[in-house]
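For reference, the structure discussed in these notes is given below.
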Amino acid sequence: MPPAASPTIRLNRSEQGALAVEGYFGPVNLVYVLRFDRAVAVDTLREALWDLMMAHPRLRIVLEPGWFNHHLRVLDDPVLLRQLFTQTLVVHDRATLGTPAAIEVAHTDEINRLMPLQRGLPWRVVYDPHVAQPVLIFNVHHMVGDGRSMARICHDLLARLHGQVLTALPVESSSQLPGLLPERPWHWPRALWGWFQGLRADARRQRGHVPVLLGRRDAPRFSVCTVNHFEWPRPLSDLRRDARDLGTSTNTLLLACIAQVLLAPQRHDPAATAVLRMAVDLRRYFPPGQAPAIGNIVVNLVLYARHQPDLAAQARDLHAQIQEHLERVRRREVAVPHLLLEALSAINLRWRSKLALHLKSSGGLSRTSCFISNLGSGDALVMDTRTGPVVQDFRAACISPSLYGAVTTLGDRLSVVFTWQHSEQDAAMIQGFFQALRHEAMAVSRWPDAA
């Protein structure tokens, strides 16, 4: 009697989009850097990674074609898994990640490294145990999950290194629709009317705007992605205080600083607009108990930052836009466009890839000034020093067709890892952007007129 088939996971709209550009765009990876206060034995790390993989079904997925579309197959054959697992851990035999510059170079190498989902496991680890503060680079394909998923996975890895036993997660659906669709049939008319009203509001906001891009050169094809580490020059507690004074969040204030920097060279052009994208976790909008722990459960908000009198006004305007978008999600008014995106999965993969390449060559994918995503706090990774290693640095990166900032925090530090298409911006332009952003960050102070 043949063995029972292992479980499969249907791809959602985000994962279908990633599959369409995979290979052409580059590896759609999330790459995390963790620096410890002490060495972890390689055998101990290897055992912890095995247990982590067995506890998280999405860490042992492969991509398979179905009759009509692709899906993810969860492997459960221990012999095959052991063979594939031997390829996932790379240990340096000499000190190579002992400086921030070396870590940044290794981060760039990993974010450009292809991982064939059709055969191998969707992750790998690069570990340097020989430096004074050992460095672990955790490279995970985005098909595994989003920033919140990776926060859980990184936490479980640290918990295992501290001797804790991991609880195995079930195979979960990757559908985003429970967080998007109206809960009752009679809610649809109100949601459709709200969607129509939202379209009109967005059209008014976009009218006459000219997107501001960071020194973009026309590049008809995707290229190498480059990683740059940016440290916020002031304590996170100061940023939180300033955001609280304005009645907004640290993410929104960070976005406002970036918008001001992007708009500054175009100060005499009233139509200049920084088009900002922001990832938002959808799980809070799911019915109780239905939100998956691991997966790509996000929606992207598009914000339009125009010239404002000062940074405080910019932050307030962006905050109002974000709240408006979140209300639309809460009222299920974004159901129609996301259903249309789900329907694209019925289109042949070759045609979806062709559409993505056409958008790139025509400039359709380069109309975003900057994409910002909060990929989590490292505070939950700091555990008892008596039982295992303590995380002293925590940052992440993700590839993107436009300038992308991955935000992480640890203690009183905020880090933003920027990635960008090397063919579209040069290093001098990026360094100038960093310098201006540091200046903008240092200029933030408590506003007397803050609410």
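The values are calculated or read from the model by the stated rules, or taken from the named source; none is laboratory data. Not measured: the values here are computed from a predicted model. Cβ sites come from the backbone with ideal geometry, for glycine too, and all protein chains shown count toward neighbours.
Observations on the model:
- Qualifying residue in region 427-437 (condition: more than 19 Å from Ala219 (Cβ to Cβ) and crowded, with 22+ Cβ neighbours inside 10 Å): yes
- Identification of helices (runs of 4 or more DSSP H) wholly contained in region 299-416 with 2 or more residues that are farther than 30 Å from Trp186 by Cα yields 311-330, 349-361.
- Selected residue [touching a residue at least 24 places away in the same chain (Cβ under 8 Å) and surrounded by 17 or more Cβ atoms within 10 Å (Cβ to Cβ)] from Leu177, Leu192, Leu161, Leu166: Leu161
- Test: Val144 is part of a loop (DSSP other than H, G, I, E, B), under 30 Å from Pro287 (Cβ atoms), in contact (Cβ under 8 Å) with a residue 40 or more places away in the chain and over 19 Å from the mean Cα position of the chain (by Cα): no
- Only a single item in (1) in contact with a Ser or Thr (Cβ under 8 Å, 6 or more places away or on another chain); (2) surrounded by fewer than 22 Cβ atoms within 10 Å (Cβ to Cβ); (3) aliphatic (A, V, I, L, M) is not met by Val42, and it is number (1).
- Residue check, Val391 touching a His at 6+ places or on another chain (Cβ under 6 Å), touching a residue at least 40 places away in the same chain (Cβ under 8 Å) and within 23 Å of Leu30 (Cα to Cα): no
- Residue within region 357-369 that is among the aliphatic types (A, V, I, L, M) and either under 18 Å from Ala256 (Cβ atoms) or at pLDDT 85 or above (or both) present: no
- Qualifying residue in region 238-246 (condition: among the basic types (Lys, Arg) and farther than 30 Å from Val33 by Cβ): no
- As a summary of the residue check, Pro122 satisfies the conditions (1) buried (at least 19 other Cβ atoms within 10 Å of the Cβ); (2) free of Cβ contacts under 8 Å to residues at least 60 places away in the same chain except for the one numbered (2).
- Within region 249-277, considering residues that are touching a Cys at 6+ places or on another chain (Cβ under 9 Å) and of a type in the set (Gly, Ala, Ser), the one farthest from Ala313 (Cα to Cα): Ala274
- The residues of region 42-68 that are among the hydrophobic types (A, V, I, L, M, F, W, C), free of Cβ contacts under 8 Å to residues at least 40 places away in the same chain and out of contact with any helix residue (DSSP H, G or I) (no Cβ under 7 Å at 6 or more places or on another chain) amount to a single one, Trp67.
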